[in-house]
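I am attaching a structure below and will ask some questions about it afterwards.
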Amino acid sequence: MTWVGVIVNALLVALKFLAGILGHSHALIADAVHSISDFFSDAVVLLGLHFGRKAPDADHHFGHARVETLASGLVGLSLLGAAVFLGVDAVRHIYGHTLSQPTWLAMVGALVSLVIKESLYHYSVRIGRRIRSPAVVANAWHHRSDALSSLAVALGIGGAMISPDWQFLDCVAALVVAMLIARVGLRFVVDVIKESGGDAFKRC
């Protein structure tokens, strides 16, 4: 399931970069950069699942489940990193007046990404809950954050297409994307900290 996400993300990165450049959309290009972070999160999940499912050994008497918890935390950190990048880039374009009017090609790219990523979310979260894997569920929410990003991008592109005076909405959409991503990433990081803190308290 995670490998499916890797392949789809690769295709979406190429699609969004191409549609963003040819369609003159800063928000869609930023969304493509965000999608690159998905490769990192997918790799973290694969490593977490590989090591987290190993049986207990001499050095790890209670198994390796903590590797999955760590993987979930790293997914959250990758989301926070992507949020900072997108937010700074959006503000730079708004205040630097480096704006352009997106075209229908950019809108199509955003809508295609929205449909695919929302489908991946439902697919991934269903499997993650079935196998009780926090890392897979965390990665599913990464897909959902991408879908929300694409929705914000589509709205920003649509507004910018209506009038040249509204071109700044394309970058505003990128800023909204950053805040949505940061919220999801922070939630997973806080959950990992709480879980680790609770375990430490029990050991004491």
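Which members of segment 128-138 meet the condition of being of a type outside the set (A, V, I, L, M) and open to solvent by 10 Å² or more (accessible area, probe 1.4 Å)? Let's see the steps before the verdict.
Step one: list which residues in segment 128-138 are of a type outside the set (A, V, I, L, M), which gives 128-130, 132-134.
Listed by number, the residues that qualify are Arg129, Arg130, Arg132, Pro134.
Within segment 151-199, how many residues turn out to be assigned to a helix (DSSP H, G or I) and either modelled with pLDDT of 85 or more or among the aliphatic types (A, V, I, L, M) (or both)?
34
Something else now. Can you tell me which of Leu120, Leu105, Leu148 is farther than 16 Å from Ala178 by Cβ and open to solvent by 60 Å² or more (accessible area, probe 1.4 Å)?
Step by step, each of Leu120, Leu105, Leu148 is checked, and only Leu105 is farther than 16 Å from Ala178 by Cβ and open to solvent by 60 Å² or more (accessible area, probe 1.4 Å).
Give segment 64-102 a look and list any residue that's closer than 18 Å to His142 by Cβ, open to solvent by less than 40 Å² (accessible area, probe 1.4 Å) and of a type outside the set (Val, Ile, Thr), or say none.
Of everything in segment 64-102, those that are closer than 18 Å to His142 by Cβ, open to solvent by less than 40 Å² (accessible area, probe 1.4 Å) and of a type outside the set (Val, Ile, Thr) turn out to be Glu68, Ala71, Ser72, Gly73, Gly76, Ser78, Leu79, Ala82, Ala83, Leu86, Gly87.
Please work out if Val125 is open to solvent by 20 Å² or more (accessible area, probe 1.4 Å) and either at pLDDT 85 or above or under 26 Å from Leu77 (Cα atoms) (or both).
Working: open to solvent by 20 Å² or more (accessible area, probe 1.4 Å): no; either at pLDDT 85 or above or under 26 Å from Leu77 (Cα atoms) (or both): yes.
So Val125 fails the test.
Quick check, is Ser113 buried (at least 19 other Cβ atoms within 10 Å of the Cβ), in contact (Cβ under 8 Å) with a residue 40 or more places away in the chain and under 22 Å from Val189 (Cβ atoms)?
No, not satisfied.
The values are calculated or read from the model by the stated rules, or taken from the named source; none is laboratory data. Everything quoted here is computed from the prediction, not taken from an experiment. Note that we place each Cβ from the backbone using ideal geometry, even for glycine, and neighbour counts take in every protein chain shown. These area figures cover heavy atoms from the full protein model, side chains too; ligands, DNA and RNA do not enter into them. Shrake-Rupley method; radii C 1.70, N 1.55, O 1.52, S 1.80 Å.
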